[in-house]
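Inspection log for the structure reproduced underneath, given as structure tokens.
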Amino acid sequence: MNDRPPQDGAGRRFNPPPGWPVPPPGWTPPPGWRPEPGWPPAPPGWEFLVSETPTRRQRRLTALQKGFIVVTTMVTTVAAVIAVAIQILDRPQDTFAEWQRKAGAQCEQGLGTLSVPLFGVLSTLTEVNAAMPGPGVSDQGMQRAIVELEQAGTALLAVVGHVREIELPRRLPPERERQITGFLESGTAVSAVFRSVARVLSNYQLGQVTAGELAALGTAIESMDDLFAQWSASADTLGVPTCAGLDVPGPARSGGATPSVQATPSVQATPSVEAEVTPSGSAAPDSRARRQLEAALDPALLSGCVGRPDSENGGVIAALNCVSADPGLIRRPLVLAFATDADLTSWFDSEVEAKAFVPCMEGADRGLWIDGDGEELGRSRCAVPEAGVFRMTWSFNGARIVMVAEAADQETGIAWWRRNARAVVP
């Protein structure tokens, strides 16, 4: 093929082949001119010099060439779009197997660090029932059950929340979607029962349980085994056994035994750190103050708050029990909001006078809460009101808020406090 254009351009213009640079107007190849080696060859029969008025043949050839270029571009674009669509549809995160992997990883991470597997908590509760002490009697076995129930319930609630955030696969069958919904609902129910039983057992051990709480305890424990069976079955159906702890060595699962707790005249009526509760969003006159108090808390540290109307007196305008995301406490922390600074000071002074002081966090020996830079953040006090209970009480300067938290021992309590003391959002 001869790609060298003719040199005689008189009365005509230069017509560059496709892929060649467009010359300036009036340019024609000078004698001896040759195209650059990297330029594409001219199509067969290409007319390099054409008259200023194109012939019908030239117009037809030019139209065909332009149409070929348009069609080629369209085909390339469609092919690229199809390739991208295939990649999107076949992404690993859009498969049920990937959902299983992510859900299993969340369960393993959230439940794998528990001292006792989920189903082992039921065995611990059965052991407590075999030697149930009377109300108000501190018992090591019951204390262990309370801690295990609270830890398991809190961890499971967090796991369900993380699994709920996993994006569902595309083109998921409706039946599979219903299975996932049931899995999440049963996990939430198990978590609620675990934490509810822990709360009532705490009050029972302190001798501060009510007849209503005892009745609710029996109902909760009766439902516990069935709820856990539903959670385990749904986890097995979805192929995520780590979520039910079925592949984690631990105590053999036992049947649904109900502790034979009985109300006795020795039950006290005084409030505790965690007592009978009502939802914080109730229609009571103080519900607005409760909502404001809950909004002042860091949701990453405290959540699932419920109202404590029994503690809303003596200048306390709102009281909440909240779930700590960080295990280590024997019951849920109590958060109090006061109407005035004077109310807070009066309450704190009476609390300090009623309890024997024990050393704890920085500044507590002076009744203060001091951070590492020496800044005074509020008041603080620690006490051991009874065996197996280490109570920490501290306030927040400028917020009129006090928190009370209890752990099984001083070391565990202070370690939790250092991680969670700043629970009020500035």
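Condition first: of a type in the set (Asp, Glu) and either modelled with pLDDT of 85 or more or within 60 Å of the chain's Cα centre (by Cα) (or both). Now tell me which residues in segment 1-56 satisfy that.
Pass one, segment 1-56, residues of a type in the set (Asp, Glu): 3, 8, 36, 47, 52.
Selection gives GLU36 alone.
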Within segment 384-426, work out how many residues are in a strand (DSSP E or B) and not hydroxyl-bearing (Ser, Thr, Tyr). 17
Pull up segment 390-426, narrow it to residues that are of a type in the set (Val, Ile, Thr) and in contact (Cβ under 8 Å) with a residue 60 or more places away in the chain, then point me to the one that is surrounded by the most Cβ atoms within 10 Å (Cβ to Cβ). VAL402
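Look at GLY307 and say whether it is surrounded by fewer than 20 Cβ atoms within 10 Å (Cβ to Cβ), in contact with a helix residue (DSSP H, G or I) (Cβ under 8 Å, 6 or more places away or on another chain) and among the small types (Gly, Ala, Ser).
Numbers: surrounded by fewer than 20 Cβ atoms within 10 Å (Cβ to Cβ): no; in contact with a helix residue (DSSP H, G or I) (Cβ under 8 Å, 6 or more places away or on another chain): yes; among the small types (Gly, Ala, Ser): yes.
Against the criterion (surrounded by fewer than 20 Cβ atoms within 10 Å (Cβ to Cβ), in contact with a helix residue (DSSP H, G or I) (Cβ under 8 Å, 6 or more places away or on another chain) and among the small types (Gly, Ala, Ser)), GLY307 does not qualify.
The values are calculated or read from the model by the stated rules, or taken from the named source; none is laboratory data. Source: prediction; values computed, not measured. In this analysis, Cβ positions are derived from the backbone assuming ideal geometry, glycine residues included, and neighbour counts consider all displayed protein chains.
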